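The values are calculated or read from the model by the stated rules, or taken from the named source; none is laboratory data. Source: prediction; values computed, not measured. Methodologically, a virtual Cβ is constructed for each residue, glycine included, from the backbone with ideal geometry; neighbour enumeration extends over all protein chains shown. When the accessible area is computed, the model is the full protein with side chains, heavy atoms only, and any ligands, DNA or RNA have been set aside. Shrake-Rupley method; radii C 1.70, N 1.55, O 1.52, S 1.80 Å.
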Amino acid sequence: MQKTGSAEEDSKKPAMEGSQSIVGRTAFKLPFEMTIEILSRLPVKSLLRFKSVCKTWYDLIKTPHFISKHLLTHSTRNHTPLLETSSNVVTENQEISLIYNDGFNNGSINLDFPFLDIRNYRRTSGYGGENYVVIGGICNGLVCVSLACFGYRMFLCNPSTRKFREIPNSEWNDENIYGCQGSFGFGFHPSANDYKLIRIGLYSTPIRKYNIRADLYVMSTDTWMEIDFSKLLLFLGEMNEGGEYDSIVQIGGSSATALNGVFYWPARVVPTDQVVVMSFDMGTEVFTRIRTPECLHKRGNLYNWQFTELDDKIALVISHDERGFDVWVLNENESCWTNQIKVGPFPRFASDMGYKEDGHITVVGGGKNGELLVTEHKYPGELKLFSYNTKTQKTMDLYCGPVWFLSCVYLYAGTLLPVMQANEIALNK
């Protein structure tokens, strides 16, 4: 039985009686199409309150047509708010927060999802291992959350509406494996009008050092299926006489960047440290190995280069030692990369780009208007957030709020999409 969370308390509170009557009378003087147009441009937190204005608005805001229109309207705007994950060493819990940078209500809101109570999870499940939040992917306002690196407990949630549900375990969770490294991809497949989650695991057994398996979860059916092993051969090298593979492709990070139904991961070949790009088509369920730019051929550190989406294209952000980075864009047929942007050096940054012993500077992602969001995280807890306009080459400070523990920041666009039947929402343009 699926576990479903409750909506925001504020969304259940009726509006003030006087304001309700004034707003209601004004709304009904407008053409209904104009009312829809106005409401579709409002943020989710406002719409949740406005559901209490009148029954007409309540019925409208929860219809698939309005949810789709609201999503498509906001997908062309800047990504506000942002999503932040952090670890609280005092409570041992993981925290997920929304950071608002709209110029009016700057601040952060902690999302108190019940599944983030790690101590309670350990008591009820008997699991004694390490738990931490891993974002398996963010798509159309839905967030895939794993409480362990390999995803032994995973949830699908909508931070804007505070709705969530637990994703069922796959058969692989019961296998006796160790040393597993998991990578995820969560995204939307336009042709199928459905959401899919892929989990790739590299692991060892007493028999073989290198092993790989991939499972695909389909949201509409709420089921997992194992990817045929023949489709995973691109990850493996030659097998020697002892039955071991001489190399294996290791995907970096925990989640993929998705675009038009295709996932992309940075990866490297172990033990040669050759860098490659792995992609997975959600429709054909086929993996592809993509060549990388020339400048990456001798860089085996996956943490100094990453993917993002920039102006509806897959972009590769490569950090260098001069407190800056280069942005390479992949062409439509995935045959070559073009170095479109060279950013930096940033004299305002206290450290170089990439992960260092005392902290790291990373590009969170790109917006629709050519902006890049950059974070500077100085250990043990100081976090700064900047917006860089690739067209005007100007940098702007953004609100981030107090951060005392190690955290990660993600692009996020709030939506009304449900976590149970999101496939019923027609999102094809």
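One residue stands out in the stretch 205-252 among those that are acidic (D, E) and farther than 26 Å from T284 by Cα: the one that is most open to solvent (accessible area, probe 1.4 Å), namely E241.
Report whether or not L259 is in contact with a Lys or Arg (Cβ under 8 Å, 6 or more places away or on another chain), under 26 Å from C336 (Cβ atoms), open to solvent by 50 Å² or more (accessible area, probe 1.4 Å) and in contact (Cβ under 8 Å) with a residue 12 or more places away in the chain. Spelling it out, it is not the case that L259 is in contact with a Lys or Arg (Cβ under 8 Å, 6 or more places away or on another chain), under 26 Å from C336 (Cβ atoms), open to solvent by 50 Å² or more (accessible area, probe 1.4 Å) and in contact (Cβ under 8 Å) with a residue 12 or more places away in the chain. Within the stretch 334-353, the set of residues being farther than 18 Å from T257 by Cβ and either surrounded by 15 or more Cβ atoms within 10 Å (Cβ to Cβ) or modelled with pLDDT of 75 or more (or both) comprises S335, C336, N339, K342, V343, G344, F346, F349, S351, D352, M353. Screening V329 on (1) modelled with pLDDT under 80; (2) within 23 Å of the chain's Cα centre (by Cα); (3) not acidic (D, E) shows it passes everything except condition (1). Restricting attention to the stretch 142-154, the residues that are closer than 14 Å to I96 by Cα and modelled with pLDDT under 90 total 3. Restricted to the stretch 89-137, and to residues there that are closer than 22 Å to G252 by Cα and open to solvent by 50 Å² or more (accessible area, probe 1.4 Å), the residue that is modelled with the highest pLDDT is Y132. Only a single criterion out of (1) at pLDDT below 90; (2) in contact with a helix residue (DSSP H, G or I) (Cβ under 7 Å, 6 or more places away or on another chain) is not satisfied by F287, namely (1). E285 fulfils the conditions (1) closer than 23 Å to V143 by Cβ; (2) in contact with a Lys or Arg (Cβ under 8 Å, 6 or more places away or on another chain) except for a single criterion, (1). Taking the stretch 219-250 as the range and being modelled with pLDDT of 85 or more and of a type in the set (A, V, I, L, M, F, W, C) as the test, the residues that pass are M219, W224, M225, I227, F229, L232, L233, L234, F235, L236, I248, V249. The set of residues from the stretch 183-212 being over 18 Å from V419 (Cβ atoms) and in contact with a helix residue (DSSP H, G or I) (Cβ under 6 Å, 6 or more places away or on another chain) comprises just one member, I212.
I'm checking my understanding of the structure. Among residues of the stretch 33-56 that are outside any loop (DSSP other than H, G, I, E, B), among the charged types (D, E, K, R) and over 13 Å from K69 (Cβ atoms), which one is least open to solvent (accessible area, probe 1.4 Å)? Filtering the stretch 33-56 for residues that are outside any loop (DSSP other than H, G, I, E, B), among the charged types (D, E, K, R) and over 13 Å from K69 (Cβ atoms), the one least open to solvent (accessible area, probe 1.4 Å) comes out as K45.
The strands (runs of 3 or more DSSP E) found entirely in the stretch 175-275 that carry 1 or more residues being closer than 18 Å to F155 by Cβ are 178-189, 194-204, 211-218, 223-226. The C-beta contact set for the stretch 183-201 (first residue within 14 Å of I135 (Cβ to Cβ), second residue charged (D, E, K, R), distance under 6 angstrom, 6+ apart or interchain) comprises F184/R199; R199/D215.
Table: residues versus (1) buried (at least 16 other Cβ atoms within 10 Å of the Cβ); (2) modelled with pLDDT of 65 or more; (3) aromatic (F, W, Y).
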{"residue": "G370", "(1), (2), (3)": "no, yes, no"}
{"residue": "P380", "(1), (2), (3)": "no, no, no"}
{"residue": "M396", "(1), (2), (3)": "no, yes, no"}
{"residue": "C408", "(1), (2), (3)": "yes, yes, no"}
{"residue": "L417", "(1), (2), (3)": "yes, yes, no"}
